[in-house]
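Input: a single structure, listed below in structure tokens.
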Amino acid sequence: MSDQNSTILVGIDGGGTGCRVAIADADRNILGTAKGGPANPTYTPQEARDNILAAIDAARRDAGLDQEALKSARAFIGLAGIRDQDDARFIAEILPFAQAKVVEDRATTVTGALAGGDGAVAAIGTGSFVARSTGDRTNYVGGWGFRLGDQASGAWLGHNLLKQVILCADGVDPHSDLTRETLAKYNNNPHTVYEFSNGATPAEFGELAPLVVTAANKGDPVATGLMREGADYIVKALNTLGYRPDEPLCLTGGLGPHYANFLPASFAGQVVMPKGSALDGALLLASRMGDAS
């Protein structure tokens with residue numbers, strides 16, 4: 001059991017599929033952890049708050065702390081769906097900590113991957129964004145969601161795959177093994193593809209992304225074209241941010257690492273493993289909350 005009078009740090013990483021909480025001492029040694037339900041306040045705000053509180057309490061019990069110990073804690077919370085101060089306050093006001101900062105999860109992802117250092121991050125999962133950190137400044141490209149952006153993401157790959165399937169079904173473009181395999185998933189009926197696409201969520205489009213990755217690794221021309229297009233976007237985003245080819249580049253998220261083989265050599269040669277997760281980033285940022293005091 002921790003000395004409950006010492007500084008307690010709390011890191012929280014949350015999104016549409018779940019949240020994670022870590023409680024640590026002042027040196028970021030982990031005392032307790034827990035996982036919880038979805039924590040994106042955009043669509044189900046009350047559920048997000050309830051799930052975050054439940055995960056905090058589970059982590060507290062895992063750490064062997066009483067509720068009073070959390071009242072002096074410093075917490076940093078990175079959540080998908082935080083777009084403005086109103087969203088942040090909606091979450092912060094229910095948290096049981098002395099200090100709590102709620103931000104969009106891009107900051108915790110980048111800080112964790114680079115361990116607070118300089119470099120670039122292409123975070124490619126169901127959605128996507130690209131970031132570059134230099135000194136104490138981080139700039140971003142992307143993160144605008146499926147309808148306006150998320151290029152190279154799982155949702156983008158799945159959506160573009162189905163658009164190509166329809167072109168092939170119409171006879172405009174020739175089929176590949178991937179487009180035939182995908183159409184077969186919909187009973188070889190383009191109208192079934194149409195019905196699915198009209199109601200599909202980004203996550204449901206994203207479930208098709210592994211088909212693209214697997215087919216691209218086998219040389220399928222449609223899959224290879226999609227992966228190259230996604231990689232081209234990553235390069236354009238990095239160049240927009242002023243990325244230099246001597247800087248480390250982290251490819252994170254479920255899809256990020258799969259783009260390494262499709263990047264130009266000058267970029268691929270700089271790819272390094274992330275130093276930590278978004279939860280690690282949240283704890284590091286929590287530890288820095290006292291620096292200004």
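Just so it is clear, none of the values below were taken in a lab; they were calculated from the coordinates. Here the structure is a predicted model, which is why all the values come from computation and not from measurement. Note: ideal-geometry Cβ built from the backbone for every residue, glycine included; neighbour counts use all protein chains shown.
Dimensions of region 83-222 along the principal axes, based on C-alpha atoms and rounded to the nearest Å, stand at 60, 32, 21, largest first. How are the Cα pair distances of the chain distributed, in percent, across 10 Å bins from 0? The distribution over the chain is 7, 26, 29, 22, 12, 4, 1, 0, given as percents.
Which ordering of MET289, MET227, MET273 is given by a fewest-first count of other beta-carbon atoms within 10 Å? Walk me through the intermediate numbers first.
Details: MET289 16, MET227 23, MET273 10.
By the 10 Å Cβ count, ascending: MET273, MET289, MET227.
Go ahead and estimate [θ] at 222 nm for the chain from helices alone: -39,500 (n - 2.57) per DSSP H run with n ≥ 4, summed, over the residue count, rounded to 500.
Details: 12 runs with 125 residues, N = 293.
Here the helix-only value at 222 nm equals -12500 deg cm²/dmol.
Treating each Cα of region 52-110 as an identical point scatterer and summing with the Debye formula, the log10 of I(q)/I(0) at q = 0.12, 0.17, 0.28 Å⁻¹ comes to -0.30, -0.58, -1.18. The angle between the Cα long axis of helix 105-114 and the main principal axis of the chain comes to about 90°, on a 0 to 90 degree scale. Bridgeable lysines around LYS35 (alpha carbons under 28 Å apart, same-chain partners fewer than 8 residues away excluded): LYS71, LYS101, LYS275. Each of ILE56, ILE166, ILE82, ILE124 has some number of other Cβ atoms within 10 Å of its Cβ, and from fewest to most they run ILE166, ILE82, ILE56, ILE124.
Each Cα pair under 8 Å and six or more residues apart adds its separation to the average, and for region 154-272 the resulting relative contact order is 26 percent. For the chain, the longest principal axis of the Cα atoms and the long axis of helix 278-288 meet at an angle of about 30 degrees.
Please quote Rg/Rh for region 154-272 to two decimal places, taking the Kirkwood radius as Rh and restricting both calculations to Cα atoms. Please list the in-between numbers first.
Working: Rg = 15.7 Å, Rh = 15.2 Å.
Rounded to two decimals, Rg over Rh is 1.03.
Our summary gives the chain a relative contact order of 21 percent, counting only alpha carbon pairs under 8 angstrom and 6 or more residues apart.
Nearest 10 degrees, 0 to 90: what angle lies between the long axis of helix 154-169 and the longest principal axis of the chain (Cα atoms)? Taking the Cα atoms of the chain, the angle to 154-169 is about 10 degrees.
In a fully extended conformation the segment linking ILE94 and ASP27 would gain 21.5 nm over its present Cα-Cα distance, using 0.36 nm per residue. Once the C-beta distance of ARG228 and ALA203 is scaled by a Förster radius of 25 Å, the resulting FRET efficiency is 0.55 to the nearest 0.05. Scanning residues 5 or more positions from ALA100 or on other chains, those with amide H under 5 Å from its amide H are ALA75, with H placed 1.01 Å from N in the peptide plane. How much FRET efficiency would the formula 1/(1 + (r/R0)^6) give for SER72 and ALA268, where r is the Cβ-Cβ distance and R0 is 45 Å, rounded to 0.05? For R0 = 45 Å, the calculated efficiency reads 0.45.
Quick check on the exposure proxy: order TYR233, TYR43 from fewest to most C-beta atoms within 10 angstrom. It would help to have the intermediate numbers written out before the result.
Details: TYR233 22, TYR43 10.
With the sparsest Cβ surroundings first, the list reads TYR43, TYR233.
For region 51-140, the Cβ-based charge dipole about the Cα centre amounts to some 160 debye (Lys, Arg positive; Asp, Glu negative; other atoms uncharged).
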